[in-house]
2 protein chains.
Amino acid sequence: VSKDITGVAEFLERGVSEVIERPALEALLNSGERLRAKQGFDPTRPNLHLGHVVNLRKLRQMALWGHEVVVIIGDYTAQMGDPSERDESRPVLSRDEVARNAETYLEQFHRIVPRANVRIARQSEWYESFTLRQTIELASRFTAQQMLAREEFRNRMKNAAPIPIKDMLYPLLQAYDSVAIRSDVEFGGTDQKFNILLGRDLQDDVGQRPQQVYLVHLLPGLDGEKMSKTKPQTGIWLTDDPRTMFGKVMSVPDELMPVYFESATELALSEARRHVAALRDGSLHPRDAKHLLARQIVAELHDSAAAEDAASAFRKQFVEREVPEDLRSVRVESCRILDVLVEAGLARSRTEARRLIDQRGVRVDGVTVTDESFSLNSNGAAVVQVGSRKVARVVCPPSA
Amino acid sequence: VSKDITGVAEFLERGVSEVIERPALEALLNSGERLRAKQGFDPTRPNLHLGHVVNLRKLRQMALWGHEVVVIIGDYTAQMGDPSERDESRPVLSRDEVARNAETYLEQFHRIVPRANVRIARQSEWYESFTLRQTIELASRFTAQQMLAREEFRNRMKNAAPIPIKDMLYPLLQAYDSVAIRSDVEFGGTDQKFNILLGRDLQDDVGQRPQQVYLVHLLPGLDGEKMSKTKPQTGIWLTDDPRTMFGKVMSVPDELMPVYFESATELALSEARRHVAALRDGSLHPRDAKHLLARQIVAELHDSAAAEDAASAFRKQFVEREVPEDLRSVRVESCRILDVLVEAGLARSRTEARRLIDQRGVRVDGVTVTDESFSLNSNGAAVVQVGSRKVARVVCPPSA
């Protein structure tokens, strides 16, 4: 594999929240040994967002250096029915659906990570023939207390929400994946720390060299919170078309720009930090910074022509209508249009809001609202305009 | 199968602590349907005590009526190593040891339950080919909270003692045994209630008719506590020779005689109760009652000749030496002989105790003590005699 000591230093810092054993990982990356990096994929969630991209760029770097990247498709558990039907958050997938979702995932994955040095593995390769003996041996290596220390389980205990024993086995299977492929390095968001460390512990326990672990910051979405498929409008998805993606970046809250520049782009780190410094000292206007950012991200995830097109479309849509390009993001308490207009400061009262709707002066995502009982999609973000000048990106709460 | 309605009534009451659904079990037993009764056996514990016999007599009755009794040998988990070595209470058995222990168990089992209508099954028949999918499905049917509600787990949680996740799987496997053999009835001591009900719930969950459940009182040992292999001297074991067994029954605390008469013998219930009433109104001396009981139990578990022999040997040993036949049982705080003699009231002081030993006047289980640093086996019971008249059965505490 290629040696790239300067590259390794940036690799270990950019977007990184924590490296469990930095000197060891650094030594490994500089040793010339060809390493194996693990990337799990849950086929029930085939779509990638910009937060995942932070992670995938680390894998891309590994692959470019000549290491091996193993993508593990979690097909075994995804095809498993839940006889208790308690867990509606995990749909059961057919073999075809798993294949289709894996294709969707890999198409997006390979926009970031090249095909060379990537191997695709399936959990069923080792779990189809897993015996009860192996399962019990695995389950003997971890305690109920370790599992229940996880925040997710602690909360369920506290709220007396049932924790099927199965849910205590899934993290063990994910950990065993590291053993099955003899993983050397695993990356993940900070929310994956517990799972990734389990894999490391298990390898150590069975006498394998434990994988090095490396955690990246979670990239917040347009609402400032973790991107998630449950609120697609506040995340930036690889499936977003260039214009949508551009518009979404333009409505990222100002305070998130530094982390977006550093974690979510491939700008040279020095350049990214120059922009952040300029933002801070006022020499770069937030609107212009966001423009830069949006073009950069769309260019990286689509291409530069698409970025140019999206930028000019955006300019046309807003500048020519004399509305600010960097939309305010407003969180409101209700999704009902009358409440939204008042809360977002687009109307002074519900009476005025009603009048504006009657006059066909209110648009949501470009569509004129004609019914005062209209509601925004809950838990999403929408651009709400009044006339040609007043505009905001509004995020309204999930339905109760 | 034979109908025996009067028999069923006694069957459901004698020694019984709880019948989960009495009318249903009664109807089933009177229906003429041939039922299947489940009896699990842990090959790490091949020896039976008088407490188990209470249970086995219920199975014997079932077999005599013509129902099927299935003994399940827990060979699969018994042969499973614990890689974490956390659980030293569960030795790993080889295939040969399992076979040998099963033989030991069945030899004792069949002293109570006839061979006709008994089938032997092994857990490995269904667990050798058990898939991870089946395990996860099983583990999805129960929650961590259900398991942690067990007293044993609650205590470990409270004391921060580790609970390997494996330990939460074992009860599920035991429950699945009921499904595997399609059990109709399961008996057990009150301490098995949780496990037996899990099997019932699981059957219901997978669409089988849930087994009827029937709990018998635990028979206390010579120290008034649950009989257990960790304190063999306080339990009455099927492997005890007739004279030992007779002596042990003679030292059962007086207050346990009613439960022994009713649960631990096959005397007609009316006769057993007559003895108990006579004890209560004083017309039967406790010593004579215990004699009756000891002869009865030895006759049932060995034979009447052995009972006669044991009775006369006992008489000879004690009566001819003019010591009381119904030994006092004394619990002491220390196992050291000097302390034992003082605490049991056999010597007035440690000085006198020393002198008695020097004079070769102290015997433990018939053997003269010559060393004043001698200690009794911890957690056991021993007959301690001073001269020919002072005697007590002494139980000393487990070693710290």
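The values are calculated or read from the model by the stated rules, or taken from the named source; none is laboratory data. Here the structure is a predicted model, which is why all the values come from computation and not from measurement. Positions of Cβ are generated from backbone atoms using ideal geometry, with glycine treated the same way; all protein chains shown enter the neighbour counts. Ligands, DNA and RNA are stripped out before the accessible areas are found, and what is left, the full protein with its side chains, is counted by its heavy atoms. Shrake-Rupley method; radii C 1.70, N 1.55, O 1.52, S 1.80 Å.
Here are some notes:
- Residue ID - most open to solvent (accessible area, probe 1.4 Å), chosen from residues in segment A:326-342 that are under 26 Å from the mean Cα position of the chain (by Cα) and of a type in the set (Lys, Arg): A:ARG331
- Filtering segment A:91-114 for residues that are at the interface with chain B (Cβ under 9 Å from one of its Cβ atoms) and closer than 20 Å to B:THR143 by Cα leaves an empty set.
- Residue that is nearest to A:LEU173 (Cα to Cα), among those in segment A:117-139 that are part of a loop (DSSP other than H, G, I, E, B) and in contact with a Gly (Cβ under 9 Å, 6 or more places away or on another chain): A:GLN123
- Filter pass, B:ARG154 being over 20 Å from A:TYR76 (Cβ atoms), surrounded by fewer than 17 Cβ atoms within 10 Å (Cβ to Cβ), out of contact with any Phe, Trp or Tyr (no Cβ under 9 Å at 6 or more places or on another chain) and touching a residue at least 12 places away in the same chain (Cβ under 8 Å): no
Here's the yes/no breakdown for (1) acidic (Asp, Glu); (2) at pLDDT below 90; (3) within 21 Å of A:PRO46 (Cβ to Cβ):
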position: A:SER183; (1), (2), (3): no, no, no
position: A:GLN192; (1), (2), (3): no, yes, yes
position: A:LEU197; (1), (2), (3): no, no, no
position: A:VAL216; (1), (2), (3): no, no, yes
position: A:LYS226; (1), (2), (3): no, yes, yes
position: A:THR230; (1), (2), (3): no, yes, yes
position: A:PHE246; (1), (2), (3): no, no, no
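- Residue ID - farthest from A:GLU266 (Cα to Cα), chosen from residues in segment A:6-29 that are open to solvent by less than 50 Å² (accessible area, probe 1.4 Å) and assigned to a loop (DSSP other than H, G, I, E, B): A:LEU12
- Verdict on B:ARG295 being of a type in the set (Lys, Arg), at pLDDT 95 or above and not in a loop (DSSP other than H, G, I, E, B): yes
- The set of residues in segment B:140-159 being under 17 Å from B:ASN195 (Cβ atoms) and either within 25 Å of the chain's Cα centre (by Cα) or assigned to a loop (DSSP other than H, G, I, E, B) (or both) consists of B:ARG141, B:PHE142, B:MET147, B:ALA149, B:ARG150, B:GLU151, B:GLU152, B:PHE153, B:ARG154, B:ASN155, B:ARG156.
- Residue among A:GLU308, A:GLU300 that is open to solvent by 30 Å² or more (accessible area, probe 1.4 Å), out of contact with any helix residue (DSSP H, G or I) (no Cβ under 8 Å at 6 or more places or on another chain), modelled with pLDDT of 80 or more and not aliphatic (A, V, I, L, M): A:GLU300
- Some residue of segment B:91-112 being closer than 26 Å to B:ARG182 by Cβ, outside any helix (DSSP H, G or I) and either open to solvent by less than 60 Å² (accessible area, probe 1.4 Å) or modelled with pLDDT under 95 (or both): no
- Qualifying residue in segment B:203-216 (condition: farther than 28 Å from B:THR143 by Cβ and away from every other protein chain (no Cβ under 14 Å)): yes
- Of the residues making up segment B:172-193, those that are open to solvent by less than 10 Å² (accessible area, probe 1.4 Å) and within 14 Å of chain A (Cβ to nearest Cβ) number 4.
- Scanning segment B:242-291 for residues that are in contact (Cβ under 8 Å) with a residue 12 or more places away in the chain and not in a helix (DSSP H, G or I) yields B:SER251, B:VAL252, B:PRO253, B:ALA264, B:THR265, B:GLU266, B:LEU267.
- Failed criterion for A:ARG119 (all others in (1) closer than 30 Å to A:THR265 by Cα; (2) at pLDDT 95 or above; (3) open to solvent by less than 50 Å² (accessible area, probe 1.4 Å) hold): (3)
- As for segment B:210-224, it holds no residue that is open to solvent by less than 30 Å² (accessible area, probe 1.4 Å) and assigned to a helix (DSSP H, G or I).
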